[in-house]
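To start, the structure itself, in structure tokens.
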Amino acid sequence: MKIIMNLAWKSVLNRKTTALLTILTVAISVILLMGVERIRTQAKSSFANTISGTDLIVGGRSGSVNLLLYSVFRIGNATNNIDWKSFQEFSHHRAVKWAIPISLGDSHKGFRVMGTNLDYFKFYQYGRKQHLTFQAGQPFHGLFDTVIGADVAKKLGYHIGSKIIIAHGISDVGFSRHDHLPFTVTGILAPTGTPVDRTVHVSLGAIEAIHVGWESGAHIGKTPDAAVLEKRHFQPTQITAMYLGLKSRIQTFALQREINEYRKEPLSAILPGVALQELWGMMSVAEQALMAVSIFVVIAGLMGMLSSLLTSLQERRREMAILRAMGAQPKHVFALLISEASTLTFAGILVGVAGLYGLMSIVAPLIHAQYGIMITLDRLSYHEWQLLGYVQLAGILIGFVPALSAYRQSLSDGMTIRI
């Protein structure tokens with residue numbers, strides 16, 4: 001068997017150009033297949049790790065996916081706000097351990113601004129129940145203090161003490177900016193790989209203060225300067241959503257039903273994990289379509305290898321006949337061609353995996369910057385090894401076609417072929 005493998009390797013080296021093109025075809029197929037699989041699984045993992053330890057998310061009456069997207073991922077906008085009195089009522093509910101209010105709607109240079117309170121830094125968790133930590137500085141205490149995420153600081157070059165201007169609404173344009181009320185960066189959060197990294201955090205009072213004079217949605221009234229506003233006590237009248245942590249998981253469904261049936265205003269309470277599953281259920285068709293395309297690309301690559309082997313076989317009929325004349329049995333010729341197909345596939349897989357990691361190292365930061373999805377360069381998972389095993393097996397099976405053809409060729413046919 002060792003002799004057959006050596007002979008197969010030398011045969012591949014003897015046809016370098018064809019072999020390299022075949023290996024490259026298989027490698028590209030593997031890169032696409034593994035790339036789609038890795039992005040699919042890690043995107044799902046990244047979304048799942050965005051929030052943990054939160055039992056219920058409450059917002060205005062809306063679909064569960066929409067509520068999850070705007071309250072956790074900062075995608076889209078709320079259909080309705082929540083009255084502050086409703087938040088106070090449920091934050092003091094007998095089943096609630098802690099409650100975090102959030103207020104969305106403003107932005108800063110493409111990053112969303114979120115109003116909240118100090119409980120956010122104390123109770124919010126991500127990943128495997130990891131708490132937020134500070135890379136530098138501390139939480140906001142003054143009215144015009146702000147805590148920024150790691151990506152905000154990195155992309156905009158901010159540090160402790162930097163001044164930033166918040167814009168009214170999602171579009172950060174000149175006429176919508178609160179130019180005369182700058183915020184001071186007092187804290188920078190450590191990277192989390194979640195939307196927290198791309199968020200500017202301010203107090204709920206600050207959200208109310210900067211909108212004095214903007215009650216109609218545009219800057220029509222007069223807004224006092226910062227010194228005057230800091231002497232006033234601001235309390236929100238409405239918030240966008242709230243996160244609830246319960247004393248016991250057993251009470252989750254009972255409280256969810258109570259909130260959904262709340263008579264004072266229409267509210268929706270969702271379980272983050274269930275809403276995530278619903279979100280991925282909606283995206284499953286796209287997932288399956290991408291995987292199907294990847295599989296067809298792999299098949300096309302293997303068909304290209306088959307075409308190359310069959311073409312080279314017609315040119316090597318004399319070679320096969322000489323091997324037979326020198327004592328090689330038909331099974332040896334059969335094994336030779338199977339070994340060549342296996343070697344080409346294995347080399348294509350190696351190049352493809354190396355290319356995947358090289359490409360991911362370039363693309364991963366771009367995906368994280370644009371979409372907030374953390375793609376890590378971890379070792380291959382068990383499922384990825386399975387996929388590579390299937391590709392290797394398919395390559396070996398492809399080798400059976402030219403091997404059977406060579407097996408059936410007679411010695412005389414090979415020796416009398418015209419060149």
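The values are calculated or read from the model by the stated rules, or taken from the named source; none is laboratory data. Model, not experiment: these values are computed from the prediction. Note: ideal-geometry Cβ built from the backbone for every residue, glycine included; neighbour counts use all protein chains shown.
Going through Gly110, Gly127, Gly105 one at a time, which residue ends up being over 27 Å from Pro224 (Cβ atoms) and surrounded by 15 or more Cβ atoms within 10 Å (Cβ to Cβ)?
Numbers: Gly110 fails: surrounded by 15 or more Cβ atoms within 10 Å (Cβ to Cβ); Gly105 fails: over 27 Å from Pro224 (Cβ atoms).
Unique residue meeting the criteria: Gly127.
Rundown of residues vs (1) over 20 Å from the mean Cα position of the chain (by Cα); (2) in contact (Cβ under 8 Å) with a residue 24 or more places away in the chain, yes/no style:
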position: Leu67; (1), (2): no, yes
position: Val72; (1), (2): no, yes
position: Thr79; (1), (2): yes, no
position: Phe87; (1), (2): yes, yes
position: Ser91; (1), (2): yes, yes
position: Lys97; (1), (2): yes, yes
position: Gly110; (1), (2): no, yes
position: Thr116; (1), (2): yes, yes
position: Arg128; (1), (2): no, yes
Can you find even one residue in the stretch 250-262 that is among the aliphatic types (A, V, I, L, M), touching an Asp or Glu at 6+ places or on another chain (Cβ under 6 Å) and over 16 Å from Asn66 (Cβ atoms)? no
Taking Pro224 as meeting all but one of (1) surrounded by 12 or more Cβ atoms within 10 Å (Cβ to Cβ); (2) in contact with an Asp or Glu (Cβ under 8 Å, 6 or more places away or on another chain); (3) in the same structural domain as Phe123 (by TED's automatic domain parsing), write down the number of the exception. (2)
Filter the stretch 120-168 for residues that are at pLDDT 90 or above and at positive phi and give the result. Gly137, Gly157, Gly161
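Which residues, taken from the stretch 147-169, are in contact (Cβ under 8 Å) with a residue 60 or more places away in the chain and either in a strand (DSSP E or B) or under 23 Å from the mean Cα position of the chain (by Cα) (or both)? Lay out the reasoning, then the answer.
Kept after step one, since they are in contact (Cβ under 8 Å) with a residue 60 or more places away in the chain, are these residues of the stretch 147-169: 151, 155, 166-169.
Hits for the stretch 147-169 are Asp151, Lys155, Ala167.
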How many of the residues in the stretch 185-215 are farther than 30 Å from Gln42 by Cα, β-branched (Val, Ile, Thr) and either at pLDDT 95 or above or crowded, with 19+ Cβ neighbours inside 10 Å (or both)? 5
On the given criteria, is Ser86 within 16 Å of Leu244 (Cβ to Cβ), surrounded by fewer than 21 Cβ atoms within 10 Å (Cβ to Cβ), at pLDDT 90 or above and among the hydroxyl-bearing types (Ser, Thr, Tyr)? yes
Starting from residues that are aliphatic (A, V, I, L, M) and in contact with a helix residue (DSSP H, G or I) (Cβ under 7 Å, 6 or more places away or on another chain), keep the ones in the stretch 118-155 and report whichever is farthest from Gly193 (Cα to Cα). Leu143
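Inspect the stretch 253-273 for any residue being on the phi < 0 side of the Ramachandran plot and at pLDDT below 90 and give the result as yes or no. Explain how you work it out, then say what you get.
Step one: of the stretch 253-273, the residues on the phi < 0 side of the Ramachandran plot are 253-273.
From what's left, at pLDDT below 90: 273.
So far as the stretch 253-273 goes, yes, one or more of its residues are on the phi < 0 side of the Ramachandran plot and at pLDDT below 90.
Got a sec? Which of Gln238, Gln277 is free of Cβ contacts under 8 Å to residues at least 60 places away in the same chain and either in contact with a Cys (Cβ under 9 Å, 6 or more places away or on another chain) or among the polar types (S, T, N, Q) (or both)? Can you show your working first?
On the way: Gln238 fails: free of Cβ contacts under 8 Å to residues at least 60 places away in the same chain.
Result of the check over Gln238, Gln277: Gln277.
Name the residue, out of Met305, Met283, Met291, that is in contact with a Gly (Cβ under 9 Å, 6 or more places away or on another chain) and either surrounded by fewer than 20 Cβ atoms within 10 Å (Cβ to Cβ) or modelled with pLDDT under 80 (or both). Steps first, please.
Working: Met283 fails: in contact with a Gly (Cβ under 9 Å, 6 or more places away or on another chain); Met291 fails: in contact with a Gly (Cβ under 9 Å, 6 or more places away or on another chain).
One residue alone meets the criteria, Met305.
Just a yes or no: is a residue in the stretch 92-101 out of contact with any His (no Cβ under 7 Å at 6 or more places or on another chain) and of a type in the set (D, E, K, R)? Steps first, answer last, please.
Step one: list which residues in the stretch 92-101 are out of contact with any His (no Cβ under 7 Å at 6 or more places or on another chain), which gives 92-101.
Now restrict to residues that are of a type in the set (D, E, K, R): 94, 97.
Within the stretch 92-101, one or more residues are out of contact with any His (no Cβ under 7 Å at 6 or more places or on another chain) and of a type in the set (D, E, K, R).
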Scan Leu344, Leu393, Leu388, Leu337 and give me the residue that is touching a helix residue (DSSP H, G or I) at 6+ places or on another chain (Cβ under 8 Å) and modelled with pLDDT of 90 or more. Leu388
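Please enumerate the residues belonging to the stretch 253-270 that are of a type in the set (A, V, I, L, M), within 15 Å of Val96 (Cβ to Cβ) and not in a helix (DSSP H, G or I).
Residues of the stretch 253-270 that are of a type in the set (A, V, I, L, M), as a first pass: 254-255, 259, 267, 269-270.
Filter once more, keeping what is within 15 Å of Val96 (Cβ to Cβ): 254-255, 259, 267, 269.
Within the stretch 253-270, Leu267, Ala269 qualify.
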